[in-house]
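The values are calculated or read from the model by the stated rules, or taken from the named source; none is laboratory data. Everything numeric in this text was worked out from a predicted model, so none of it was measured. Glycine also receives a Cβ, built like all others from the backbone with ideal geometry; neighbour counts cover every protein chain displayed. These accessible areas exclude ligands, DNA and RNA; they are computed on the full protein's heavy atoms, side chains included. Shrake-Rupley method; radii C 1.70, N 1.55, O 1.52, S 1.80 Å.
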Amino acid sequence: MKAKVLSIPVQDQEKALQFYTKKLGFLKKVDMPVGNDSRWLTVVSKEEQDGVEILLEPAPNHFEPAKVFQKALFDAGIPWTQFNSENVQEDYDKFVNLGVEFSVKPTEMGTVKFAILNDTCGNHIQIVEML
C-alpha cells in the first residue's frame, strides 16, 4: 500500500489552484469536473511530478462538518498538513516576496526548522526542514 493523494480542504478551488501553482510552485496534474461546480483538482511537486498528488478538495463548501473542522484548526493556528523543504529560510524569503503571509516565521526547534503559512483558502500549512 502507498499514499497517492493527499487531500487539503479549500474554500475556493480556483483561488487555491492559483495559490498553490503561482505562489508555492506546484504544477496542476488533474482537473476534471465532478458536478456541483466542483472539480477533481490535483497539483504535484515540480520535483516529484509522479509523486503524491495534492487534491484541492471543495468539501468545506458542501459538507458543514468539514467546514467547522477546517475553521477550528485555522482559528487555533494548527497546520492542516506540512510540506518538506530543503531550506525553510530560502523558501520563506521567496514566498514572502510573492506576498505569502506567515503566522510563524522560520523557527528552529530541536532537529527541525519550520514556518507556517496561510494558504488563503482556510488552512495553515507548515513547511519543515530537517536539520
Of all residues in region 59-85 being over 17 Å from the mean Cα position of the chain (by Cα) and outside any helix (DSSP H, G or I), the one that is modelled with the lowest pLDDT: H62
Residues of region 1-18 satisfying the condition of being more than 12 Å from L41 (Cβ to Cβ), outside any strand (DSSP E or B) and within 12 Å of the chain's Cα centre (by Cα): none
Qualifying residue in region 73-85 (condition: loosely packed, with under 13 Cβ neighbours inside 10 Å, of a type in the set (D, E) and either in contact with a Gly (Cβ under 8 Å, 6 or more places away or on another chain) or within 20 Å of E129 (Cβ to Cβ) (or both)): no
Failed criterion for R39 (all others in (1) within 13 Å of the chain's Cα centre (by Cα); (2) in a strand (DSSP E or B); (3) under 15 Å from Q11 (Cα atoms) hold): (1)
Checking G25 against (1) small (G, A, S); (2) under 25 Å from K2 (Cβ atoms); (3) not in a loop (DSSP other than H, G, I, E, B), the condition it does not meet: (3)
Among the candidates E47, E129, E90, E108, residue that is more than 20 Å from Q13 (Cα to Cα), open to solvent by 80 Å² or more (accessible area, probe 1.4 Å), of a type outside the set (G, A, S) and part of a strand (DSSP E or B): E108
First in region 90-102 and touching a residue at least 24 places away in the same chain (Cβ under 8 Å), second anywhere and in a helix (DSSP H, G or I) and not hydroxyl-bearing (S, T, Y), Cβ under 9 Å, 6 or more apart: F95/K23; L98/K22; L98/K23; G99/K23; V100/F19; V100/K23; V100/K94
Residue list for region 5-33, filter: open to solvent by 90 Å² or more (accessible area, probe 1.4 Å) and either free of Cβ contacts under 8 Å to residues at least 60 places away in the same chain or among the β-branched types (V, I, T) (or both): K28, M32, P33
